[in-house]
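Okay, handing you the structure first.
The values are calculated or read from the model by the stated rules, or taken from the named source; none is laboratory data. Quick caveat, the model's predicted, so the values are computed rather than measured. Counting neighbours? That spans all protein chains shown, and the Cβs are built from the backbone with ideal geometry, glycine included. These area figures cover heavy atoms from the full protein model, side chains too; ligands, DNA and RNA do not enter into them. Shrake-Rupley method; radii C 1.70, N 1.55, O 1.52, S 1.80 Å.
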Amino acid sequence: MKQILWFRRDLRIEDSALLENAQGEVFPIFIFDIDILDSLPFDDKRVNFIYQSVIDLKQKLLKMNLDLAIFYGKPKEIFKNLKKFGFDEVLCSVDFDFYSKKRDDEIDKIIPLRQFIDSFILNPANHLKNDGTPYKVFTPFYKSLDLLTNSNNIEQRSISKNMVLFHYDYTDVPTLESMGFKLVNLPKILTNGVKELLEKIPMKLSTYKENRDYFYKDATSNLSVFLRFGIISPVMVFNYVRNLKDSDFFIRELFWREFYNYILFHFPNSEFNNFNNIDISWNENEDDFIRWCEGNTGVPIIDAAMRHLNRTGFMHNRLRMIVASFLTKNLFIDWKKGEKYFALKLLDYEASSNIGSWQWGASTGADAAPYFRVFNPYTQSKKFDEKGIFIKSVIKELKDVDSRLFHIENGVQSNLFISYPKAMVDISISRKRAIEKFKEAKNETV
Ligand SMILES: Cc1cc2nc3c(=O)[nH]c(=O)nc-3n(C[C@H](O)[C@H](O)[C@H](O)COP(=O)(O)OP(=O)(O)OC[C@H]3O[C@@H](n4cnc5c(N)ncnc54)[C@H](O)[C@@H]3O)c2cc1C
(Lines give C-alpha, C1' and ligand atoms only; values in the text may rest on other atoms or scores of the structure.)
Protein backbone atom coordinates (compact mmCIF):
# COMPACT_ATOMS: atom_id res chain seq x y z
CA MET A 1 0.00 0.00 0.00
CA LYS A 2 1.24 3.47 -0.92
CA GLN A 3 -0.66 6.44 0.48
CA ILE A 4 -0.63 10.21 0.40
CA LEU A 5 -1.67 11.69 3.77
CA TRP A 6 -3.11 15.04 2.76
CA PHE A 7 -3.25 17.32 5.81
CA ARG A 8 -5.61 20.24 5.25
CA ARG A 9 -7.60 21.52 8.21
CA ASP A 10 -6.39 18.82 10.60
CA LEU A 11 -2.92 20.07 11.45
CA ARG A 12 -2.19 17.75 14.36
CA ILE A 13 -0.83 14.33 15.17
CA GLU A 14 -3.14 13.50 18.11
CA ASP A 15 -6.57 12.04 17.36
CA SER A 16 -5.80 12.07 13.63
CA ALA A 17 -7.79 9.93 11.21
CA LEU A 18 -4.96 10.17 8.68
CA LEU A 19 -2.34 8.81 11.04
CA GLU A 20 -4.66 6.12 12.39
CA ASN A 21 -5.49 4.80 8.92
CA ALA A 22 -1.98 5.13 7.49
CA GLN A 23 -0.62 1.85 6.10
CA GLY A 24 2.60 0.98 4.31
CA GLU A 25 4.54 3.64 2.48
CA VAL A 26 3.15 7.08 3.38
CA PHE A 27 3.69 10.54 1.96
CA PRO A 28 2.42 13.28 4.34
CA ILE A 29 1.78 16.51 2.46
CA PHE A 30 0.29 19.98 2.88
CA ILE A 31 -0.64 22.20 -0.06
CA PHE A 32 -0.78 25.98 0.04
CA ASP A 33 -3.55 26.28 -2.52
CA ILE A 34 -2.77 29.05 -4.98
CA ASP A 35 -6.46 29.41 -5.88
CA ILE A 36 -7.30 30.30 -2.28
CA LEU A 37 -4.18 32.32 -1.50
CA ASP A 38 -4.45 34.48 -4.60
CA SER A 39 -7.49 36.31 -3.27
CA LEU A 40 -5.91 37.17 0.10
CA PRO A 41 -3.98 40.31 1.09
CA PHE A 42 -0.19 40.03 1.44
CA ASP A 43 -0.35 40.61 5.21
CA ASP A 44 -3.06 38.01 5.86
CA LYS A 45 -2.90 36.80 9.47
CA ARG A 46 -4.64 33.53 8.71
CA VAL A 47 -1.96 32.54 6.19
CA ASN A 48 0.68 33.40 8.79
CA PHE A 49 -1.07 31.26 11.39
CA ILE A 50 -1.50 28.32 9.00
CA TYR A 51 2.14 28.61 7.94
CA GLN A 52 3.31 28.51 11.55
CA SER A 53 1.00 25.55 12.27
CA VAL A 54 2.21 23.63 9.22
CA ILE A 55 5.85 24.10 10.25
CA ASP A 56 4.92 22.90 13.78
CA LEU A 57 3.25 19.85 12.28
CA LYS A 58 6.37 19.12 10.21
CA GLN A 59 8.50 19.21 13.39
CA LYS A 60 6.13 16.86 15.19
CA LEU A 61 6.07 14.41 12.29
CA LEU A 62 9.88 14.51 12.14
CA LYS A 63 9.99 13.37 15.78
CA MET A 64 7.92 10.34 14.72
CA ASN A 65 10.41 9.50 11.94
CA LEU A 66 8.01 10.93 9.40
CA ASP A 67 8.09 14.31 7.63
CA LEU A 68 5.83 16.72 5.74
CA ALA A 69 6.26 17.80 2.13
CA ILE A 70 4.96 21.34 1.68
CA PHE A 71 3.72 22.39 -1.75
CA TYR A 72 2.58 25.70 -3.17
CA GLY A 73 0.37 25.42 -6.24
CA LYS A 74 -2.90 24.14 -7.64
CA PRO A 75 -3.92 20.88 -5.95
CA LYS A 76 -5.04 19.35 -9.25
CA GLU A 77 -1.65 19.97 -10.91
CA ILE A 78 0.22 18.72 -7.85
CA PHE A 79 -1.73 15.45 -7.73
CA LYS A 80 -1.29 14.97 -11.49
CA ASN A 81 2.48 15.17 -10.89
CA LEU A 82 2.35 12.82 -7.91
CA LYS A 83 0.38 10.20 -9.82
CA LYS A 84 3.59 8.98 -11.50
CA PHE A 85 4.84 7.66 -8.15
CA GLY A 86 2.07 5.04 -8.12
CA PHE A 87 0.11 6.02 -5.01
CA ASP A 88 -2.93 3.84 -4.30
CA GLU A 89 -4.96 6.44 -2.44
CA VAL A 90 -5.09 9.83 -0.75
CA LEU A 91 -6.31 10.00 2.85
CA CYS A 92 -7.85 13.31 3.92
CA SER A 93 -10.65 14.84 5.98
CA VAL A 94 -13.95 15.81 4.43
CA ASP A 95 -15.39 19.28 3.91
CA PHE A 96 -18.90 19.96 2.73
CA ASP A 97 -18.67 23.42 1.23
CA PHE A 98 -18.99 23.86 -2.52
CA TYR A 99 -15.36 24.73 -3.31
CA SER A 100 -13.96 21.81 -1.30
CA LYS A 101 -16.40 19.28 -2.73
CA LYS A 102 -15.64 20.34 -6.31
CA ARG A 103 -11.88 20.26 -5.68
CA ASP A 104 -12.07 16.84 -4.02
CA ASP A 105 -14.18 15.37 -6.85
CA GLU A 106 -11.48 16.45 -9.30
CA ILE A 107 -8.63 15.01 -7.21
CA ASP A 108 -10.53 11.75 -6.72
CA LYS A 109 -10.42 11.24 -10.48
CA ILE A 110 -6.62 11.51 -10.43
CA ILE A 111 -5.87 9.40 -7.32
CA PRO A 112 -8.77 7.91 -5.30
CA LEU A 113 -9.59 9.83 -2.14
CA ARG A 114 -10.50 8.15 1.15
CA GLN A 115 -12.13 10.77 3.36
CA PHE A 116 -12.79 10.91 7.09
CA ILE A 117 -14.97 13.00 9.38
CA ASP A 118 -12.01 14.43 11.23
CA SER A 119 -12.86 18.07 11.86
CA PHE A 120 -16.20 17.42 13.56
CA ILE A 121 -17.48 15.02 16.18
CA LEU A 122 -20.58 13.84 14.36
CA ASN A 123 -21.04 12.22 11.01
CA PRO A 124 -23.85 14.40 9.63
CA ALA A 125 -25.19 11.52 7.55
CA ASN A 126 -26.34 9.96 10.84
CA HIS A 127 -28.64 11.47 13.47
CA LEU A 128 -31.80 11.72 11.41
CA LYS A 129 -35.34 12.15 12.77
CA ASN A 130 -37.56 9.10 13.18
CA ASP A 131 -39.06 9.77 9.76
CA GLY A 132 -35.58 9.58 8.20
CA THR A 133 -35.30 13.30 7.40
CA PRO A 134 -32.69 15.64 8.85
CA TYR A 135 -33.37 17.95 11.79
CA LYS A 136 -33.75 21.62 10.93
CA VAL A 137 -33.97 22.95 14.47
CA PHE A 138 -31.07 22.91 16.91
CA THR A 139 -32.75 21.92 20.20
CA PRO A 140 -34.36 18.64 19.07
CA PHE A 141 -31.19 17.81 17.14
CA TYR A 142 -29.12 18.37 20.26
CA LYS A 143 -31.48 16.44 22.52
CA SER A 144 -31.37 13.46 20.18
CA LEU A 145 -27.62 12.94 20.64
CA ASP A 146 -27.06 9.95 22.88
CA LEU A 147 -23.34 10.62 23.22
CA LEU A 148 -24.27 13.48 25.55
CA THR A 149 -25.94 11.21 28.08
CA ASN A 150 -23.43 8.41 27.66
CA SER A 151 -20.83 8.64 30.43
CA ASN A 152 -17.97 7.29 28.32
CA ASN A 153 -15.53 9.51 26.53
CA ILE A 154 -15.51 9.35 22.75
CA GLU A 155 -12.67 7.10 21.71
CA GLN A 156 -9.75 9.07 20.29
CA ARG A 157 -7.84 7.86 17.30
CA SER A 158 -4.51 6.16 17.78
CA ILE A 159 -1.42 6.26 15.56
CA SER A 160 -0.78 3.41 13.15
CA LYS A 161 2.40 1.45 13.70
CA ASN A 162 2.49 0.16 10.13
CA MET A 163 3.95 3.02 8.17
CA VAL A 164 7.24 3.99 6.61
CA LEU A 165 8.05 7.33 5.08
CA PHE A 166 7.98 7.64 1.28
CA HIS A 167 11.41 8.64 -0.02
CA TYR A 168 11.30 12.28 -1.19
CA ASP A 169 13.18 15.58 -0.86
CA TYR A 170 11.30 17.14 2.07
CA THR A 171 13.73 20.03 2.50
CA ASP A 172 12.22 22.26 -0.17
CA VAL A 173 9.87 24.38 1.95
CA PRO A 174 8.30 27.49 0.36
CA THR A 175 8.72 30.65 2.43
CA LEU A 176 5.84 33.02 3.16
CA GLU A 177 7.60 35.61 1.01
CA SER A 178 7.94 33.23 -1.94
CA MET A 179 4.17 32.79 -1.83
CA GLY A 180 3.60 36.55 -1.86
CA PHE A 181 2.98 37.08 1.87
CA LYS A 182 4.84 38.90 4.59
CA LEU A 183 5.52 37.81 8.12
CA VAL A 184 3.18 39.63 10.53
CA ASN A 185 2.87 39.64 14.30
CA LEU A 186 0.07 37.36 15.40
CA PRO A 187 -2.14 38.01 18.42
CA LYS A 188 -0.94 36.43 21.66
CA ILE A 189 -3.96 34.11 21.78
CA LEU A 190 -2.58 32.40 18.70
CA THR A 191 1.12 32.39 19.49
CA ASN A 192 0.72 31.19 23.09
CA GLY A 193 -0.91 28.07 21.77
CA VAL A 194 -3.82 25.83 22.52
CA LYS A 195 -2.43 24.34 25.75
CA GLU A 196 -2.67 27.67 27.54
CA LEU A 197 -6.26 28.17 26.37
CA LEU A 198 -7.24 24.72 27.61
CA GLU A 199 -5.69 25.37 31.00
CA LYS A 200 -7.94 28.44 31.45
CA ILE A 201 -11.16 26.59 30.63
CA PRO A 202 -11.90 25.08 34.09
CA MET A 203 -11.78 28.57 35.60
CA LYS A 204 -13.95 30.08 32.86
CA LEU A 205 -16.62 27.40 32.98
CA SER A 206 -18.11 28.39 36.33
CA THR A 207 -19.16 31.80 34.93
CA TYR A 208 -19.41 30.92 31.23
CA LYS A 209 -23.20 30.97 31.05
CA GLU A 210 -23.49 34.42 32.66
CA ASN A 211 -20.39 36.08 31.24
CA ARG A 212 -20.06 34.72 27.73
CA ASP A 213 -21.99 37.61 26.18
CA TYR A 214 -19.92 40.37 27.75
CA PHE A 215 -17.50 41.06 24.97
CA TYR A 216 -15.17 43.24 27.04
CA LYS A 217 -14.49 40.26 29.34
CA ASP A 218 -12.28 37.33 28.40
CA ALA A 219 -14.97 34.82 29.30
CA THR A 220 -15.00 32.39 26.37
CA SER A 221 -12.49 29.73 25.38
CA ASN A 222 -11.02 31.43 22.27
CA LEU A 223 -10.61 27.96 20.80
CA SER A 224 -12.35 28.61 17.48
CA VAL A 225 -9.23 29.26 15.38
CA PHE A 226 -7.59 26.12 16.77
CA LEU A 227 -10.69 24.07 16.02
CA ARG A 228 -10.95 25.58 12.56
CA PHE A 229 -7.49 24.41 11.54
CA GLY A 230 -7.59 21.22 13.55
CA ILE A 231 -4.71 22.07 15.85
CA ILE A 232 -6.95 20.34 18.35
CA SER A 233 -9.81 18.01 17.47
CA PRO A 234 -13.37 18.67 18.67
CA VAL A 235 -13.37 15.18 20.19
CA MET A 236 -10.35 16.11 22.32
CA VAL A 237 -12.10 19.30 23.48
CA PHE A 238 -15.32 17.42 24.20
CA ASN A 239 -13.59 14.67 26.20
CA TYR A 240 -11.58 17.21 28.18
CA VAL A 241 -14.48 19.51 28.96
CA ARG A 242 -17.14 16.94 29.80
CA ASN A 243 -15.10 15.80 32.79
CA LEU A 244 -15.02 19.33 34.20
CA LYS A 245 -17.61 21.03 36.42
CA ASP A 246 -20.27 23.31 34.88
CA SER A 247 -19.50 22.28 31.32
CA ASP A 248 -23.07 21.69 30.03
CA PHE A 249 -23.60 25.09 28.52
CA PHE A 250 -20.19 25.17 26.89
CA ILE A 251 -20.76 21.72 25.36
CA ARG A 252 -24.02 22.96 23.92
CA GLU A 253 -22.08 25.71 22.13
CA LEU A 254 -19.62 23.18 20.72
CA PHE A 255 -22.60 21.41 19.19
CA TRP A 256 -23.79 24.55 17.42
CA ARG A 257 -20.67 24.07 15.34
CA GLU A 258 -21.70 20.47 14.69
CA PHE A 259 -25.25 21.54 13.89
CA TYR A 260 -24.20 24.05 11.24
CA ASN A 261 -21.95 21.46 9.63
CA TYR A 262 -24.90 19.05 9.68
CA ILE A 263 -27.12 21.66 8.01
CA LEU A 264 -24.56 22.38 5.29
CA PHE A 265 -24.18 18.65 4.60
CA HIS A 266 -27.94 18.03 4.29
CA PHE A 267 -28.82 21.35 2.67
CA PRO A 268 -25.84 22.29 0.48
CA ASN A 269 -27.92 24.95 -1.30
CA SER A 270 -28.00 26.95 1.92
CA GLU A 271 -24.46 28.09 1.04
CA PHE A 272 -25.94 30.29 -1.70
CA ASN A 273 -29.69 30.60 -1.04
CA ASN A 274 -32.00 31.56 1.77
CA PHE A 275 -32.52 28.34 3.71
CA ASN A 276 -36.23 29.09 4.20
CA ASN A 277 -36.62 29.94 0.49
CA ILE A 278 -38.13 33.38 0.99
CA ASP A 279 -37.50 35.82 -1.80
CA ILE A 280 -36.29 39.17 -0.49
CA SER A 281 -35.34 42.24 -2.51
CA TRP A 282 -32.40 43.46 -0.50
CA ASN A 283 -30.92 46.94 -0.44
CA GLU A 284 -28.20 46.98 -3.12
CA ASN A 285 -26.62 50.29 -2.12
CA GLU A 286 -22.86 49.67 -2.19
CA ASP A 287 -22.01 52.78 -0.14
CA ASP A 288 -24.18 51.54 2.73
CA PHE A 289 -22.35 48.22 2.65
CA ILE A 290 -18.93 49.87 2.61
CA ARG A 291 -19.80 52.04 5.62
CA TRP A 292 -20.71 48.87 7.53
CA CYS A 293 -17.50 47.11 6.44
CA GLU A 294 -15.30 50.03 7.43
CA GLY A 295 -17.06 50.72 10.72
CA ASN A 296 -18.38 54.17 9.78
CA THR A 297 -22.08 53.70 10.44
CA GLY A 298 -22.27 56.26 13.24
CA VAL A 299 -23.46 53.59 15.69
CA PRO A 300 -20.60 53.19 18.22
CA ILE A 301 -21.05 49.50 18.98
CA ILE A 302 -21.25 48.55 15.29
CA ASP A 303 -18.27 50.69 14.37
CA ALA A 304 -16.14 49.39 17.23
CA ALA A 305 -16.97 45.76 16.35
CA MET A 306 -16.19 46.20 12.66
CA ARG A 307 -13.00 48.19 13.19
CA HIS A 308 -11.83 45.59 15.70
CA LEU A 309 -12.50 42.83 13.16
CA ASN A 310 -10.64 44.72 10.44
CA ARG A 311 -7.65 45.26 12.72
CA THR A 312 -7.41 41.91 14.48
CA GLY A 313 -9.40 39.22 12.65
CA PHE A 314 -11.40 38.56 15.82
CA MET A 315 -14.98 39.34 16.75
CA HIS A 316 -16.84 38.16 19.82
CA ASN A 317 -19.97 36.06 19.21
CA ARG A 318 -22.37 38.66 20.66
CA LEU A 319 -20.86 41.35 18.46
CA ARG A 320 -21.18 39.09 15.40
CA MET A 321 -24.88 38.78 16.18
CA ILE A 322 -25.30 42.54 16.63
CA VAL A 323 -23.49 43.55 13.41
CA ALA A 324 -25.26 40.79 11.44
CA SER A 325 -28.65 42.03 12.62
CA PHE A 326 -27.71 45.63 11.82
CA LEU A 327 -26.57 44.75 8.29
CA THR A 328 -29.48 42.49 7.37
CA LYS A 329 -32.32 44.23 9.21
CA ASN A 330 -31.48 47.92 9.72
CA LEU A 331 -29.54 48.32 6.47
CA PHE A 332 -31.51 45.53 4.83
CA ILE A 333 -28.45 44.22 2.98
CA ASP A 334 -28.21 40.60 1.86
CA TRP A 335 -26.62 38.30 4.49
CA LYS A 336 -24.45 36.78 1.73
CA LYS A 337 -22.49 40.03 1.48
CA GLY A 338 -21.83 40.01 5.22
CA GLU A 339 -20.95 36.32 5.10
CA LYS A 340 -18.41 36.96 2.35
CA TYR A 341 -16.88 39.87 4.23
CA PHE A 342 -16.51 37.78 7.38
CA ALA A 343 -14.94 35.02 5.27
CA LEU A 344 -12.30 37.47 4.19
CA LYS A 345 -11.59 38.82 7.66
CA LEU A 346 -12.28 36.26 10.39
CA LEU A 347 -9.33 34.26 11.63
CA ASP A 348 -11.69 31.45 12.61
CA TYR A 349 -13.66 31.58 9.36
CA GLU A 350 -15.43 28.29 8.86
CA ALA A 351 -17.92 28.03 5.99
CA SER A 352 -20.58 26.00 7.81
CA SER A 353 -20.68 28.06 11.03
CA ASN A 354 -20.45 31.33 9.17
CA ILE A 355 -23.20 30.55 6.67
CA GLY A 356 -25.47 29.06 9.32
CA SER A 357 -24.96 31.94 11.73
CA TRP A 358 -25.50 34.59 9.07
CA GLN A 359 -28.71 32.95 7.95
CA TRP A 360 -29.78 32.78 11.60
CA GLY A 361 -29.00 36.49 12.02
CA ALA A 362 -30.92 37.38 8.87
CA SER A 363 -33.90 35.20 9.91
CA THR A 364 -33.58 33.25 6.68
CA GLY A 365 -31.97 30.16 8.14
CA ALA A 366 -32.53 26.83 9.84
CA ASP A 367 -33.87 27.40 13.34
CA ALA A 368 -34.15 31.06 12.36
CA ALA A 369 -34.65 33.87 14.79
CA PRO A 370 -38.13 35.23 13.96
CA TYR A 371 -37.81 38.14 11.54
CA PHE A 372 -39.53 40.54 13.93
CA ARG A 373 -36.76 40.00 16.49
CA VAL A 374 -34.31 42.74 15.51
CA PHE A 375 -31.43 43.66 17.80
CA ASN A 376 -31.40 47.27 18.89
CA PRO A 377 -27.63 48.04 18.85
CA TYR A 378 -28.00 50.77 21.50
CA THR A 379 -29.84 48.47 23.91
CA GLN A 380 -27.23 45.80 23.25
CA SER A 381 -24.30 48.10 23.99
CA LYS A 382 -25.98 49.36 27.16
CA LYS A 383 -26.56 45.81 28.32
CA PHE A 384 -23.20 44.30 27.43
CA ASP A 385 -20.78 47.25 27.47
CA GLU A 386 -22.42 49.79 29.77
CA LYS A 387 -19.20 51.60 30.64
CA GLY A 388 -18.08 51.53 27.02
CA ILE A 389 -14.91 49.62 27.87
CA PHE A 390 -14.84 47.79 24.54
CA ILE A 391 -16.02 50.75 22.46
CA LYS A 392 -13.38 53.07 23.96
CA SER A 393 -10.64 50.48 23.54
CA VAL A 394 -11.27 50.41 19.79
CA ILE A 395 -12.46 53.93 18.86
CA LYS A 396 -9.77 56.01 20.49
CA GLU A 397 -11.37 59.34 19.53
CA LEU A 398 -14.29 58.40 21.82
CA LYS A 399 -12.14 57.57 24.84
CA ASP A 400 -13.13 60.68 26.80
CA VAL A 401 -16.81 60.58 25.90
CA ASP A 402 -19.40 59.89 28.61
CA SER A 403 -20.25 56.24 27.97
CA ARG A 404 -23.98 56.89 28.46
CA LEU A 405 -23.96 58.65 25.09
CA PHE A 406 -22.92 55.42 23.34
CA HIS A 407 -26.27 53.90 24.13
CA ILE A 408 -28.43 56.74 22.76
CA GLU A 409 -29.08 57.21 19.05
CA ASN A 410 -26.80 60.03 17.82
CA GLY A 411 -25.75 60.57 21.44
CA VAL A 412 -22.03 60.92 20.69
CA GLN A 413 -22.82 63.26 17.79
CA SER A 414 -24.50 65.66 20.21
CA ASN A 415 -20.99 66.53 21.45
CA LEU A 416 -19.92 69.12 18.90
CA PHE A 417 -16.22 68.78 19.74
CA ILE A 418 -16.12 65.23 18.51
CA SER A 419 -15.96 64.38 14.86
CA TYR A 420 -17.99 61.24 14.49
CA PRO A 421 -20.43 60.44 11.64
CA LYS A 422 -24.17 60.83 12.10
CA ALA A 423 -25.96 57.49 12.45
CA MET A 424 -26.66 56.30 8.91
CA VAL A 425 -30.13 54.94 9.72
CA ASP A 426 -32.89 55.65 12.17
CA ILE A 427 -33.06 52.47 14.21
CA SER A 428 -36.79 52.45 14.78
CA ILE A 429 -37.79 53.35 11.18
CA SER A 430 -35.33 50.88 9.66
CA ARG A 431 -36.53 48.15 12.02
CA LYS A 432 -40.16 48.71 10.96
CA ARG A 433 -39.16 48.74 7.29
CA ALA A 434 -37.37 45.39 7.67
CA ILE A 435 -40.33 43.79 9.39
CA GLU A 436 -42.69 45.00 6.67
CA LYS A 437 -40.42 43.74 3.91
CA PHE A 438 -40.18 40.34 5.58
CA LYS A 439 -43.96 40.22 5.93
CA GLU A 440 -44.32 41.02 2.24
CA ALA A 441 -41.77 38.37 1.29
CA LYS A 442 -43.65 35.82 3.36
CA ASN A 443 -46.99 36.92 1.92
CA GLU A 444 -48.28 37.85 5.37
CA THR A 445 -50.67 40.78 5.86
CA VAL A 446 -48.71 44.00 6.23
C1 LIG B 1 -22.65 36.10 12.11
C2 LIG B 1 -21.80 35.02 12.78
C3 LIG B 1 -20.75 34.44 12.08
C4 LIG B 1 -19.97 33.44 12.68
N5 LIG B 1 -18.92 32.86 11.96
C6 LIG B 1 -18.18 31.90 12.52
C7 LIG B 1 -17.08 31.32 11.81
O8 LIG B 1 -16.80 31.66 10.64
N9 LIG B 1 -16.32 30.38 12.44
C10 LIG B 1 -16.61 29.97 13.72
O11 LIG B 1 -15.88 29.12 14.25
N12 LIG B 1 -17.65 30.48 14.42
C13 LIG B 1 -18.43 31.44 13.86
N14 LIG B 1 -19.46 31.99 14.58
C15 LIG B 1 -19.80 31.42 15.91
C16 LIG B 1 -19.11 32.09 17.12
O17 LIG B 1 -19.20 33.48 17.03
C18 LIG B 1 -17.64 31.69 17.30
O19 LIG B 1 -17.50 30.30 17.19
C20 LIG B 1 -17.13 32.12 18.68
O21 LIG B 1 -17.24 33.52 18.79
C22 LIG B 1 -15.69 31.70 18.87
O23 LIG B 1 -15.21 32.14 20.11
P24 LIG B 1 -14.77 31.09 21.24
O25 LIG B 1 -13.90 30.05 20.64
O26 LIG B 1 -14.23 31.88 22.37
O27 LIG B 1 -16.19 30.45 21.59
P28 LIG B 1 -16.69 29.70 22.90
O29 LIG B 1 -17.85 30.45 23.42
O30 LIG B 1 -15.60 29.40 23.82
O31 LIG B 1 -17.28 28.34 22.30
C32 LIG B 1 -16.48 27.15 22.14
C33 LIG B 1 -16.55 26.68 20.70
O34 LIG B 1 -17.90 26.34 20.36
C35 LIG B 1 -18.16 26.71 19.00
N36 LIG B 1 -19.21 27.75 19.00
C37 LIG B 1 -19.54 28.58 20.00
N38 LIG B 1 -20.59 29.35 19.65
C39 LIG B 1 -20.94 28.98 18.40
C40 LIG B 1 -21.96 29.38 17.50
N41 LIG B 1 -22.87 30.30 17.83
N42 LIG B 1 -22.02 28.78 16.30
C43 LIG B 1 -21.13 27.82 15.95
N44 LIG B 1 -20.14 27.39 16.78
C45 LIG B 1 -20.06 27.95 17.98
C46 LIG B 1 -16.87 27.29 18.44
O47 LIG B 1 -16.17 26.25 17.80
C48 LIG B 1 -16.14 27.73 19.70
O49 LIG B 1 -14.76 27.79 19.54
C50 LIG B 1 -20.26 33.01 14.00
C51 LIG B 1 -21.32 33.61 14.69
C52 LIG B 1 -22.08 34.61 14.11
C53 LIG B 1 -23.20 35.23 14.87
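Go through the range 241-254 and give me each residue that's open to solvent by 10 Å² or more (accessible area, probe 1.4 Å) and either within 12 Å of the ligand (Cβ to nearest atom) or not in a helix (DSSP H, G or I) (or both). If you could, list the steps in order and put the result at the bottom.
Of all residues in the range 241-254, those open to solvent by 10 Å² or more (accessible area, probe 1.4 Å) come to 242-246, 248-254.
Selection gives N243, L244, K245, D246, F249, F250, I251, R252, E253, L254.
Okay, next question. Filter the range 75-92 for residues that are touching a strand residue (DSSP E or B) at 6+ places or on another chain (Cβ under 7 Å), open to solvent by 10 Å² or more (accessible area, probe 1.4 Å) and not aromatic (F, W, Y); which is nearest to Y170 (Cα to Cα)?
That would be I78.
Something else: Is it fair to say S16 is of a type in the set (S, T, Y), over 30 Å from A125 (Cβ atoms) and either surrounded by 14 or more Cβ atoms within 10 Å (Cβ to Cβ) or out of contact with any strand residue (DSSP E or B) (no Cβ under 9 Å at 6 or more places or on another chain) (or both)?
Details: of a type in the set (S, T, Y): yes; over 30 Å from A125 (Cβ atoms): no; either surrounded by 14 or more Cβ atoms within 10 Å (Cβ to Cβ) or out of contact with any strand residue (DSSP E or B) (no Cβ under 9 Å at 6 or more places or on another chain) (or both): yes.
No.
Sticking with this structure for a sec: So in the range 379-393, with the set limited to residues that are in contact (Cβ under 8 Å) with a residue 60 or more places away in the chain and buried (at least 20 other Cβ atoms within 10 Å of the Cβ), which one is nearest to H316 (Cα to Cα)?
F390
Next question. Please work out which one of (1) open to solvent by 60 Å² or more (accessible area, probe 1.4 Å); (2) outside any loop (DSSP other than H, G, I, E, B); (3) within 18 Å of W292 (Cα to Cα); (4) more than 16 Å from the ligand (Cβ to nearest atom) is the condition S430 fails and give its number.
Evaluating S430 over (1) open to solvent by 60 Å² or more (accessible area, probe 1.4 Å); (2) outside any loop (DSSP other than H, G, I, E, B); (3) within 18 Å of W292 (Cα to Cα); (4) more than 16 Å from the ligand (Cβ to nearest atom) leaves (1) as the failure.
Within the group R212, R257, which residue is within 13 Å of the ligand (Cβ to nearest atom), buried (at least 20 other Cβ atoms within 10 Å of the Cβ) and among the basic types (K, R)?
The unique qualifying residue is R257.
Okay, moving on. Contact list please: Cβ distance under 6 Å, first residue in the range 342-364 and within 22 Å of D44 (Cβ to Cβ) and within 6 Å of the ligand (Cβ to nearest atom), second residue hydroxyl-bearing (S, T, Y) and at pLDDT 95 or above, pairs at least six apart or on different chains.
Once the first residue is within 22 Å of D44 (Cβ to Cβ) and within 6 Å of the ligand (Cβ to nearest atom) and sits in the range 342-364, its partners that are hydroxyl-bearing (S, T, Y) and at pLDDT 95 or above give D348/S224; S353/Y260.
Within the range 101-119, is even one residue under 30 Å from L244 (Cβ atoms) and in contact with an Asp or Glu (Cβ under 8 Å, 6 or more places away or on another chain)?
yes
Would you confirm whether or not the range 62-74 contains a residue that is in contact with a strand residue (DSSP E or B) (Cβ under 8 Å, 6 or more places away or on another chain) and of a type in the set (G, A, S)?
Kept after step one, since they are in contact with a strand residue (DSSP E or B) (Cβ under 8 Å, 6 or more places away or on another chain), are these residues of the range 62-74: 65-74.
If we keep only those that are of a type in the set (G, A, S) too, we end up with 69, 73.
So far as the range 62-74 goes, yes, one or more of its residues are in contact with a strand residue (DSSP E or B) (Cβ under 8 Å, 6 or more places away or on another chain) and of a type in the set (G, A, S).
Has the range 192-207 got any residue that is open to solvent by 70 Å² or more (accessible area, probe 1.4 Å), touching a residue at least 12 places away in the same chain (Cβ under 8 Å), of a type outside the set (K, R) and touching a helix residue (DSSP H, G or I) at 6+ places or on another chain (Cβ under 6 Å)?
no
Yes or no: Y142 of a type outside the set (A, V, I, L, M, F, W, C), surrounded by 11 or more Cβ atoms within 10 Å (Cβ to Cβ) and more than 30 Å from K129 (Cα to Cα)?
Against the criterion (of a type outside the set (A, V, I, L, M, F, W, C), surrounded by 11 or more Cβ atoms within 10 Å (Cβ to Cβ) and more than 30 Å from K129 (Cα to Cα)), Y142 does not qualify.
Residues are listed down the side, and each one gets a yes or a no for (1) in the same structural domain as K45 (by TED's automatic domain parsing); (2) under 20 Å from K204 (Cβ atoms); (3) out of contact with any Lys or Arg (no Cβ under 7 Å at 6 or more places or on another chain):
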| site | (1), (2), (3) |
| --- | --- |
| K217 | no, yes, yes |
| S221 | no, yes, no |
| I232 | no, yes, no |
| F238 | no, yes, yes |
| K245 | no, yes, yes |
| D248 | no, yes, yes |
| E253 | no, yes, yes |
| W256 | no, yes, yes |
| N261 | no, no, yes |
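Can you run down the residue pairs with Cβ atoms below 7 Å, 6 or more apart or on separate chains, where the first is in the range 61-76 and among the hydroxyl-bearing types (S, T, Y) and the partner is in a helix (DSSP H, G or I) and surrounded by fewer than 18 Cβ atoms within 10 Å (Cβ to Cβ)?
Once the first residue is among the hydroxyl-bearing types (S, T, Y) and sits in the range 61-76, its partners that are in a helix (DSSP H, G or I) and surrounded by fewer than 18 Cβ atoms within 10 Å (Cβ to Cβ) give Y72/I34; Y72/M179.
I'm trying to understand the selection: among the residues of the range 220-238, which are part of a loop (DSSP other than H, G, I, E, B), within 8 Å of the ligand (Cβ to nearest atom) and either among the small types (G, A, S) or in contact with a Gly (Cβ under 7 Å, 6 or more places away or on another chain) (or both)?
S221
If a residue counts only when it is under 23 Å from G313 (Cα atoms), which strands (runs of 3 or more DSSP E) contained entirely in the range 3-113 have at least 1 such residues?
Strands (runs of 3 or more DSSP E) meeting the threshold: 24-33.
Just the residues that are at pLDDT below 95 and either touching a Ser or Thr at 6+ places or on another chain (Cβ under 9 Å) or surrounded by 11 or more Cβ atoms within 10 Å (Cβ to Cβ) (or both), please, taken from the range 145-177.
Answer for the range 145-177, where residues must be at pLDDT below 95 and either touching a Ser or Thr at 6+ places or on another chain (Cβ under 9 Å) or surrounded by 11 or more Cβ atoms within 10 Å (Cβ to Cβ) (or both): L145, L147, L148, N153, I154.
Quick one: count up the residues across the range 115-144 that are within 23 Å of the chain's Cα centre (by Cα), among the hydrophobic types (A, V, I, L, M, F, W, C) and assigned to a loop (DSSP other than H, G, I, E, B).
6
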